[in-house]
Amino acid sequence: DYVVVKMIPDNRLPPRHLHSVHTGKTFAVIKWESPYDSPDQDMLYAVAVKDLVRKTDKIYKVKSRNSTVEYTIKKLEPGGKYHVIVQLGNMSKESSMKINTVPLSAPDALKIITENDHILLFWKSLALKESNFNESRGYEIHMFDSLMNITAYLGNTTENFFKVSNLKIGHNYSFSVQARCLYGGQVCGEPATLLYDELGTGKDSSATKSGRATDVAAIVVPVLFLLLVTLGIGFVLLYMRHRRLQNSFTAFANSHYSSRLGSAIFSSGDDLGDEDDEAPMITGFSDDVPMVIA
């Protein structure tokens, strides 16, 4: 035996299991379940979004018959803080949660260039990768002195570089650059941080490496230049010697050229030696010996 019991829906119950599915820079996807299983009609929900930074409210209406409801809240501020409340349209009990959107990214390629009495910070424009960032918002720069354990705010700029002066010898500094904070420092971008290590030399570690590379280059470049000059002189000397040998051979060949044969004639050393050995040496002629001419 069994009996079927149908419970009477209670529209005064709050939505169940309210949570965030995904949070971006300008949106948030939230999800919840209906106050009771398998609603037999459309249910109207009120989604209230309270901006905890700007102190503003927005209310959205969502109608659904599904047991599980998913909704995307748009037009949020990067790095913002929000309080989300979901309840039925009849102002029943509510479910709430807090959401923090993703802040703007940190600037890329932060570098330090050391000058005589100051340093320059350089970085890439954040607008190159963040469509929600406007250059008019600018950047703010902070400095941390590890020796004094002090963090200082240096200022802000709308440029992609910043000059820092009055650094103390022997102090190690960390510089951070981020999208300028809004609304009393509550909405900021992610900082890009770079260490400036003086070690009593008054130079940045990266500048030291570049200085060492410059010293090595100052030695290697002249050596390579001398090698190239030496090789060039050697090639010139070889070329001149080759030209002299060629000219000498041409003159020698021309002196042995036979116009009758149309070629140059050379005698081997062996032939000359044999003829000298077989032929008698003529020493002279006597007056009493008659000369016969055939």
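The values are calculated or read from the model by the stated rules, or taken from the named source; none is laboratory data. As the structure is a computational prediction, the values presented were derived from the model and not from experiment. All Cβ positions, glycine included, derive from the backbone under ideal geometry; neighbour counts span all protein chains shown. The accessibility values were calculated without ligands, DNA or RNA, using every heavy atom of the protein model including side chains. Shrake-Rupley method; radii C 1.70, N 1.55, O 1.52, S 1.80 Å.
For region 40-63, the set of residues classified as surrounded by fewer than 15 Cβ atoms within 10 Å (Cβ to Cβ) and farther than 26 Å from LEU104 by Cβ consists of ASP40, GLN41, ASP42, LEU44, ILE59, LYS61, LYS63, listed by residue number.
Among the residues of region 158-177, the ones that are at pLDDT 90 or above and either in contact with a Ser or Thr (Cβ under 6 Å, 6 or more places away or on another chain) or open to solvent by 20 Å² or more (accessible area, probe 1.4 Å) (or both) come to 8 in all. Does LYS63 satisfy the condition of being closer than 19 Å to GLU94 by Cβ and not polar (S, T, N, Q)? Considered against the rule, which asks whether it is closer than 19 Å to GLU94 by Cβ and not polar (S, T, N, Q), LYS63 comes out as yes.
With respect to SER67, is the statement that it is open to solvent by 20 Å² or more (accessible area, probe 1.4 Å) and small (Gly, Ala, Ser) true? It is true that SER67 is open to solvent by 20 Å² or more (accessible area, probe 1.4 Å) and small (Gly, Ala, Ser). Criterion first (under 30 Å from GLY170 (Cβ atoms), β-branched (Val, Ile, Thr) and out of contact with any Asp or Glu (no Cβ under 6 Å at 6 or more places or on another chain)) does ILE59 satisfy it? No, not satisfied.
Confirm whether ALA192 is touching a residue at least 40 places away in the same chain (Cβ under 8 Å) and either open to solvent by 30 Å² or more (accessible area, probe 1.4 Å) or within 23 Å of GLY80 (Cβ to Cβ) (or both). In short, yes.
Any idea which residue in region 1-25 is farthest from the chain's Cα centre (by Cα), counting only those that are surrounded by 16 or more Cβ atoms within 10 Å (Cβ to Cβ) and over 13 Å from GLN87 (Cβ atoms)? Can you show your working first?
Filtering region 1-25 down to residues surrounded by 16 or more Cβ atoms within 10 Å (Cβ to Cβ) leaves 9, 14-15, 18, 23, 25.
Subset that is over 13 Å from GLN87 (Cβ atoms): 9, 23, 25.
On the way: PRO9: 60, THR23: 28, LYS25: 24 Å.
Out of the qualifying residues, it is PRO9.
Among the residues of region 116-132, those identified as out of contact with any strand residue (DSSP E or B) (no Cβ under 7 Å at 6 or more places or on another chain) and open to solvent by less than 50 Å² (accessible area, probe 1.4 Å) are SER125, ALA127, GLU130.
Could you tell me which of the residues LYS98, LYS111, LYS75 is surrounded by fewer than 17 Cβ atoms within 10 Å (Cβ to Cβ), within 37 Å of the chain's Cα centre (by Cα) and at pLDDT 95 or above?
Working: LYS111 fails: at pLDDT 95 or above; LYS75 fails: at pLDDT 95 or above.
None of the others qualify; the one that does is LYS98.
Screening ILE85, ILE113, ILE73 for residues that are without any contact (Cβ under 8 Å) to a residue 40 or more places away in the chain and in contact with a strand residue (DSSP E or B) (Cβ under 8 Å, 6 or more places away or on another chain) leaves exactly one candidate, ILE85.
VAL84 meets all of the listed conditions (1) in contact with a Ser or Thr (Cβ under 7 Å, 6 or more places away or on another chain); (2) in a strand (DSSP E or B); (3) open to solvent by 20 Å² or more (accessible area, probe 1.4 Å) but one, namely (3).
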